[in-house]
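A short worksheet on the structure shown next.
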Amino acid sequence: MFRFCRRIVGSYCESRSTFCLRLFGVLVAVQFIVSVATGQRGDVATPWPFFKPTPQNVTYRIGERAVMKCRVANLESRTITWRRHGQTHPLTIGEFTFAPDPRLSVDHDQKTDEWSLVIEDVRPDDEGSYLCQITVKTDPNKYSYRIQLNVKTVRLTGTEYVELGRPIRLLCNASSGRRHDDQPYDHIAWYFEDRPVDADVTSGLFITTKFETRSVQSTVVIAKSGARHQGVYECRTSGGDTDSMAVHVLDDFLINQRKRNKGIFADRIIGEDGSGRKMPTRASTAVHDSALSIWLQLSLLPSAIYRLILF
């Protein structure tokens, strides 16, 4: 378009005044400004891609699914490449994975223009900086989005909701470190509401610890839960790494409250065997019966209204 205008103005100004030549110069200047602003030198102005804000510092526990999100606008025919900071070989190019590690993959959401690097079963040696880069002819570092991945070396899991009198089981899994020369942990200490927890066989509290080559596993089992066992539990390694979780003990009053509130958390109550898997409970059954009763009453409502109108 600008070239066409320049040809018209140029041919018109060949035998005209200086004003026309100035107008021609203005058109050239406008074309140059537009081309610089859009990053193009041709007739079609295509905007340059840019990164949309996403979290640039993410933290996951060992064994979790780590996701680093990179959102790009105006990507068009360009390609997204993921790589670790300081390494030349790519992890992924487009939707293809080139890393030899099968835990790595790329997830592309076309609706949000999001290219996420996914690491399954994240490990301590996965921690570091990752670069989401757009393939351009100019300096690739100019079009890089850096995300820091942090991996907690301690993970505490176990019973979160338990009925009064049922067992509580907590498992603390700690990796020895991020480098091969790190010293393994000597022990894992347990705390309840910031108070040390020791094994007490007479009260039914057992602590077992298992040492492996580069990890330590410690388990706390409370044979019969009581109201006093509700609170925040924490495991601490000899290296100073920690993780914590809250345990809720549900008595009859709370269980009845769950029934009236449509069985909230009913599928998370621990069963007789003390496991944490989902299983049907009295609360979920009661909610189903209550919903069925309400549905039957509502189905009879139109006929009742019809009778009132007639009589």
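The values are calculated or read from the model by the stated rules, or taken from the named source; none is laboratory data. Predicted model only: the values in this text are computed from it and were never measured. Methodologically, a virtual Cβ is constructed for each residue, glycine included, from the backbone with ideal geometry; neighbour enumeration extends over all protein chains shown. Surface accessibility is based on the protein's heavy atoms, side chains included, excluding ligands, DNA and RNA. Shrake-Rupley method; radii C 1.70, N 1.55, O 1.52, S 1.80 Å.
Among the residues of the range 80-93, those identified as of a type outside the set (Lys, Arg) and surrounded by 14 or more Cβ atoms within 10 Å (Cβ to Cβ) are 80, 81, 82, 90, 91, 92, 93. For beta carbons closer than 6 Å, sequence separation of 6+ or different chains, a first residue in the range 226-247 that is over 18 Å from residue 205 (Cβ atoms) and a second that is among the polar types (S, T, N, Q) and open to solvent by less than 20 Å² (accessible area, probe 1.4 Å), the qualifying pairs are 241/153. Here the range 80-94 is the region considered, the condition is being of a type outside the set (Lys, Arg) and in a strand (DSSP E or B), and the residue that is nearest to the chain's Cα centre (by Cα) is 82.
The C-beta contact set for the range 201-215 (first residue assigned to a loop (DSSP other than H, G, I, E, B), second residue aliphatic (A, V, I, L, M), distance under 8 angstrom, 6+ apart or interchain) comprises 204/222; 204/223.
Residues that are open to solvent by less than 30 Å² (accessible area, probe 1.4 Å), at pLDDT 65 or above and farther than 12 Å from residue 235 by Cβ within the range 174-204 comprise 175, 176, 204, listed in sequence order.
For the range 216-236, a residue qualifies if it is outside any strand (DSSP E or B) and either open to solvent by less than 80 Å² (accessible area, probe 1.4 Å) or basic (Lys, Arg) (or both), and the qualifying residues are 223, 224, 225, 226, 228, 229. Note on the range 103-116: residues that are in a strand (DSSP E or B) and closer than 12 Å to residue 75 by Cβ amount to 3.
Of all residue pairs spaced 6 or more apart or on separate chains, those with beta-carbon atoms under 7 Å, a first member in the range 57-80 that is without any contact (Cβ under 8 Å) to a residue 60 or more places away in the chain and farther than 15 Å from residue 120 by Cβ and a second member that is open to solvent by 50 Å² or more (accessible area, probe 1.4 Å) and of a type in the set (Lys, Arg) are 71/52; 73/52.
For residue 113, indicate whether it is over 30 Å from residue 241 (Cα atoms) and within 19 Å of the chain's Cα centre (by Cα). Yes: the conditions hold for residue 113. Please indicate, with yes or no, whether at least one residue in the range 110-119 is aromatic (Phe, Trp, Tyr) and under 15 Å from residue 146 (Cα atoms). Looking through the range 110-119, at least one residue is aromatic (Phe, Trp, Tyr) and under 15 Å from residue 146 (Cα atoms). Taken over the range 139-161, the criterion of being of a type in the set (A, V, I, L, M) and modelled with pLDDT of 95 or more is satisfied by 147, 149.
Residue-wise test of (1) open to solvent by less than 30 Å² (accessible area, probe 1.4 Å); (2) part of a strand (DSSP E or B); (3) not small (Gly, Ala, Ser).
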position	(1), (2), (3)
68	yes, yes, yes
71	no, yes, yes
78	no, no, yes
118	yes, yes, yes
149	yes, yes, yes
156	yes, yes, yes
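Give the number of residues within the range 69-97 that are touching a Pro at 6+ places or on another chain (Cβ under 8 Å) and either under 27 Å from residue 153 (Cα atoms) or of a type in the set (Lys, Arg) (or both).
Looking only at the range 69-97, we keep the residues that are touching a Pro at 6+ places or on another chain (Cβ under 8 Å), and these are 69, 71-76, 78, 81-83.
In the following step, the residues that additionally are either under 27 Å from residue 153 (Cα atoms) or of a type in the set (Lys, Arg) (or both) were identified as 69, 71, 78, 82-83.
So the count comes out to 5.
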